[in-house]
Structure formats: structure tokens, C-alpha cells
1. Could you list which residues have their amide H under 5 Å from that of VAL398, counting only those 5 or more apart in sequence or on another chain, with H placed in the peptide plane?
2. Report, by chain and number, residues whose modeled amide H sits under 5 Å from the one on ASN254, excluding near sequence neighbours (fewer than 5 apart, same chain).
3. Can you list which of the trypsin sites (Lys or Arg not before Pro) found in region 273-355 are DSSP loop residues with at most 13 other C-beta atoms within 10 Å?
4. Put GLU312, GLU71 in order of accessible area, largest first, 1.4 Å probe: what do you get?
5. Using the Karplus equation 6.51 cos²θ - 1.76 cosθ + 1.60 (θ = phi - 60°), what ³J(HN,Hα) coupling, rounded to whole Hz, does each residue of region 15-24 give in order, writing x for Gly and Pro?
6. Please report, as a whole percent, how much of the solvent-accessible surface of region 251-342 comes from carbon and sulfur atoms (probe radius 1.4 Å).
7. If I compute solvent accessible area with a 1.4 Å probe over the protein chains, what percent of it on region 484-560 is carbon and sulfur?
8. Residue-wise, which Karplus ³J(HN,Hα) couplings in Hz belong to region 293-299, taking 6.51 cos²θ - 1.76 cosθ + 1.60, θ = phi - 60°, and x for glycine or proline?
Amino acid sequence: MLNVLRVHLPSDIPIVGCELTPYVLLRRPDKTVTTDDVTETSPLDGHFLRYKWYRVQSDKKVAVCSVHPSEQATLQCLGCLKAKIPVSKSYHCTPKCFSDAWQHHRVLHDRAASAVNENGNEEEEVFGRFNNSGSGSINTGLSSSASSTSLTNGNVYPATVSQRNGGETWFEVGRSKTYTPSADDIGHVLKFECGVVDAETKLTVGHTNTILTSRVIPAPSPIPRQLIPVDTMGSLDVDRRITSSGTFTVLSYNILSDSYASNDLYNYCPSWALSWPYRRQNLLREIVGYRADIICLQEVQSDHYDEFFAPELDKHGYYGLYKRKTNEVYNGNINTIDGCATFFRRDRFSHVKKYEVEFNKAAQSLTDAMIPTTQKKTALNRLVKDNVALIVVLEAKVNNQAIDNPGKRQLLCVVQSFNLLFLVTLRLSFSNEMVTILSTSEANTHVNVHQDLKDVKLWQVHTLLKGLEKIAVSADIPMLVCGDFNSVPGSAPHALLAMGKVDPSHPDLAVDPLNILRPHSKLIHQLPLVSAYSSFARTVGLGYEQHKRRMDSSTNEPLFTNVTRDFIGSLDYIFYTADSLVVESLLELLDEESLRKDTALPSPEWSSDHIALLAEFRCCKNISRR
């Protein structure tokens with residue numbers, strides 16, 4: 001007979017929007033052990049498994065701390081109620097909790113005040129992280145007469161999990177193996193039942209296995225990041241460039257592959273917040289909330305692209321393109337190989353054509369041409385890193401329709417890499433220009449992982465830039481180069497991108513055992529690349545002082561885009577060709593203090609160790625070039 005041996009949940013803390021998938025271990029009639037499901041439509045030896053989920057509601061109620069959701073709240077911030085901030089954000093477990101959180105908590109008040117315009121109307125934060133319906137935040141406020149000690153209104157929760165006395169009501173909420181908590185479940189205990197059922201009588205046979213969870217908590221929601229306009233000069237600027245009326249936005253984000261998100265490396269992050277079921281939902285809410293026209297993601301596992309990101313972003317109107325690393329070096333599960341994914345809005349673009357390039361073959365050609373036969377094996381071991389390139393041609397749509405006149409077609413090339421190079425060409429509907437977007441990233445999360453491969457990294461960037469340079473010259477294509485380069489400002493790859501050359505005395509050039517970087521005079525390119533986020537440093541005005549404080553004045557780059565316990569610095573960039581593109585606005589940067597309250601990234605609020613970068617661009621024509 002079918003027997004249930006063990007039932008447990010990967011995490012006993014359920015979060016709104018995060019699917020709960022119990023682990024159920026079975027013994028089949030033939031004595032074999034399996035975790036495969038046995039459904040009513042496919043019974044085994046006349047039996048199947050029945051699942052039920054219940055919400056436990058109690059007459060005894062308390063509020064939950066907004067900072068420590070596993071703790072009972074004892075005080076409430078009345079300022080939040082007056083500012084109409086979601087009531088769940090107003091609760092704290094102790095005076096010390098409230099005091100320690102005040103630096104970050106008061107930002108909620110400041111944002112609420114600034115969201116009211118001169119007419120007294122609340123302004124929509126277009127680039128807010130989440131919609132209220134998906135965040136788990138409860139917007140029901142307490143009455144103005146409520147005191148800090150009276151917590152019977154707003155969010156109310158069971159007092160304890162362990163006491164199963166009277167006054168409880170059990171509501172059935174699901175009959176499948178998995179269950180996704182909703183906002184209605186916040187603060188309540190969930191119960192999961194699993195039993196063996198006779199297929200003929202439909203009656204339960206033997207013992208029913210039961211699990212009780214902790215109280216359901218809302219998905220942590222950080223303060224929304226705003227899109228900040230940068231100073232522009234209108235349709236004709238001082239450099240004699242005519243700008244078009246249409247704009248587009250590009251998001252670049254290293255989402256931290258689950259295969260790299262180990263508890264050992266990120267032990268400061270709660271295990272439930274580091275789990276992939278939680279992180280994928282949190283990342284999706286963040287990515288969708290930015291509403292970008294083009295989304296470039298790095299460190300996307302192959303199985304996560306197929307099973308989650310592609311179908312989920314399809315629901316939001318995006319078409320996806322993916323290229324994973326080759327596996328000449330990688331020897332793990334082929335389904336967990338990571339790569340890059342680029343998504344674009346279907347109402348703006350249509351897919352025309354794509355090309356694929358493998359950089360292992362480029363390494364083979366290089367060694368055949370330059371390396372003596374006796375050293376080729378050593379050279380290939382150093383150069384072969386499973387890098388690939390994908391070139392995809394997309395055509396813009398006007399009013400959701402393709403452009404019939406070939407002369408009116410416009411191009412945008414999106415190139416991104418994560419131990420690979422990814423090129424996408426798009427035809428835009430708002431300019432006769434062609435734009436190339438390069439999004440790039442190295443194989444590991446931290447810049448100090450491959451200090452001994454500086455030559456390989458620089459060779460890859462140089463090889464790519466020379467190829468893009470040929471495309472730009474032949475087709476006069478503006479370019480955007482964005483992503484995780486795993487290179488800090490001032491490094492040789494960054495210098496080559498930003499300055500167009502590498503100083504022969506640069507210390508990174510000292511590491512070149514294969515002499516692939518010689519002569520050093522060849523390390524140049526002619527693309528007029530400028531960092532988009534340097535616009536903050538170049539813009540004047542009191543309103544930009546806060547954003548300038550988050551910039552490094554010596555490099556004009558963000559102080560950081562990657563924050564872990566042991567490293568903080570900039571690894572991610574968005575470069576653009578300044579003679580053909582204009583920066584309209586940038587997604588605001590985060591301050592280190594707000595992130596350090598959780599030690600570092602990832603955290604319950606932000607599910608990657610990198611922060612997302614987003615820029616809005618307008619195409620323009622350089623009169624002097626025409």
C-alpha cells in the first residue's frame with residue numbers, strides 16, 4: 001500500500017506571493033521510495049494522495065512588527081497613519097526597534113509628503129517597485145482615535161503558533177500540493193494536510209500527515225526607486241544634435257543565479273529570503289515594476305528562464321531571447337548553466353533574425369595564429385571560458401504595426417554578456433538611427449574572483465569592441481553598452497570602454513602570460529562611449545545633490561552597484577554613444593546606509609547582490625556627421 005513517510009516545508013515562514021511546495025516522501029507498494037506525486041487521475045495500486053490547505057484564524061489577535069515580522073508588535077507610529085502610509089509599516093516590536101529603524105523609517109514620511117503635489121493630489125510613482133496588490137502591504141489604516149497600545153484595527157494576527165486552544169476557525173484555502181499565500185493570509189497560521197485516499201471509496205486510509213507553519217508575513221517592500229530626469233537642452237542641443245520625440249528605457253540587472261546564492265556565502269541573509277521560490281517572485285515584482293522597454297538580465301539559469309522568467313514576462317507583454325553558456329568548461333547540471341536573457345516589449349518590436357557566436361572558437365583561432373604548438377593546451381585552458389555571442393535583429397512597430405517601408409526602418413543592437421556576449425539588434429520606431437546596446441558580465445559575482453585572468457577579461461572586451469566598431473562604421477549605428485562587467489572603475493576594461501584606450505603603464509597589463517594584449521597600442525577603439533550615470537555628476541542644481549552624493553567624484557560612476565559583506569563597489573554600467581543618444585532620465589541609486597541595515601545584499605527587500613540600473617534615452621542625429 002502507498003505510505004507517506006515524511007512531509008516538510010523548505011521554510012516554515014510563508015511569505016505572500018511565494019509559492020509553498022511541501023516535500024512529500026512516499027513508499028510505493030513495491031517498497032521503493034519516491035517524491036513523485038500520485039494523483040487521483042493516475043492512482044497507484046488503487047490509492048492516490050489528497051492535499052488540503054487551511055488558514056487558521058484566532059479570536060486572540062496581535063499586530064506584527066514591520067522590521068521583525070516574526071515578532072509581535074507593541075507600539076505603532078501614528079505619523080504613518082496621518083501620512084496614509086500602509087498600516088503594516090507602522091508597527092514595531094520594541095522602542096529600540098523603532099529607534100534603530102528611524103533613519104530609514106522617516107524616509108517613508110518624507111516620501112509620503114513629497115508625493116502630494118501643490119493641489120493636494122497624490123502623484124503616482126511610475127517606477128515604484130510594486131503594485132499594492134502584489135506586495136502584501138495592507139492599505140487599511142487605523143482610525144485617528146487609535147492609540148499606540150490599541151492594536152485591534154488594521155493588520156491583526158494570531159498571538160501564537162504553538163497554542164491550539166479554543167477560539168480558532170479553520171478555513172480551507174486550497175486542494176493542491178502547492179499553495180501561494182495571499183494578502184488575506186497575512187498574520188495567520190497555515191495548515192497543510194496530506195493523506196492517502198482509496199480511489200474507490202474516496203475515504204482517507206491511515207494517518208493524515210499535518211504541518212503547521214509560522215504566521216504568513218507580507219513580502220518585504222523597499223521604498224520605491226524613482227526615475228530622475230537629467231538636464232537636457234530640448235530638441236536641438238548645444239552640440240547641434242537634433243533629438244527625436246520618442247524615448248525608450250533599458251534595464252540592466254544581474255539577478256544572482258540560484259546556483260551562486262549559497263547560505264555559506266550569504267549567511268547574513270535569512271534562509272527564507274535567500275531561497276529561490278522567494279527570490280524569483282521578489283525579482284519578478286521588481287523587474288516588472290520598472291516597466292522598461294528592454295530588459296537585460298544576467299546570471300539567469302537555463303531552467304529558470306524556461307520555467308519562470310520567459311512565461312511570467314510573457315504575461316506582461318515581453319518576448320524573450322536567451323543564450324546560455326556553452327559547457328566545455330562547466331561540468332555541472334546542464335539545466336542550471338546560467339546565461340543572459342533579453343526581453344523586449346512585443347507592442348514595440350518584432351523579431352526578425354538572430355546570429356550566434358561562440359568565443360571558445362575565437363580563442364581557438366587566436367591560439368592557432370599566435371601560440372606555439374607546445375603551449376596551445378595551456379593557452380586554451382586559460383582562454384576558453386564558455387563565452388558566446390548572440391546577435392538578434394528586431395524590427396520596430398509603429399502603433400503596434402511593423403514598418404512597411406524599408407527606408408523607414410531603424411535598428412537597435414542589444415549586446416549583453418555573463419561569461420558570454422549577447423547581441424540583439426532592434427529596429428526602433430522613433431528614430432532613423434540604429435542603436436547598439438551591449439550588456440556584459442563576468443562569470444562570478446565578485447570582481448576579485450578572477451584577478452588572475454585580467455588579461456582574458458580585457459581581451460574579451462577589446463575583441464567585442466572592435467567588432468562593434470566595425471558595425472558602427474559600416475552602418476552608422478549608435479550604441480548602448482550595459483551590464484555587469486565585473487570590473488571596477490579605473491580597471492583596464494573600464495578604461496578601454498570609457499576612455500577608448502588603456503594606458504600602457506596600467507597595472508592590469510602586467511598580467512599577460514600569453515602576450516595576447518601586445519602591442520599595448522592596439523588597445524583602443526573609436527566609439528564615443530560615455531557612462532549614462534555620469535549624467536548625475538555633470539548635472540547642476542540643488543535637486544541633484546542627493547544623487548551626486550551617491551556618485552564617486554573621481555570616476556563619475558556610482559559609488560557601488562554591488563554590495564556584499566566583504567565587497568562594495570561598481571561593477572555594472574550603462575555606456576552610450578554620446579554623438580547619437582541623449583540621456584533623458586536615470587533610475588535613482590541607493591544609499592549604502594539603507595542597505596547596511598540588513599548587513600548587505602541580497603536581503604529580504606532586494607533579492608540580488610547587485611542593484612538594477614535603468615536609463616531612458618532619446619535618439620538624435622549629429623548634424624556634423626551628416
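1. ILE403
2. GLN298
3. Listed in order of number, the matching sites amount to none.
4. GLU71, GLU312
5. 10, 4, x, 9, 4, 9, 10, x, 8, 10
6. 44
7. 57
8. 6, 10, 10, 10, 10, 10, 6
The values are calculated or read from the model by the stated rules, or taken from the named source; none is laboratory data. Remember, it's a predicted structure, so these values are computed and weren't measured experimentally. Reconstructed Cβ throughout: ideal geometry from the backbone, glycine too, with neighbour counts over all protein chains shown. Ligands, DNA and RNA are stripped out before the accessible areas are found, and what is left, the full protein with its side chains, is counted by its heavy atoms. Shrake-Rupley method; radii C 1.70, N 1.55, O 1.52, S 1.80 Å.
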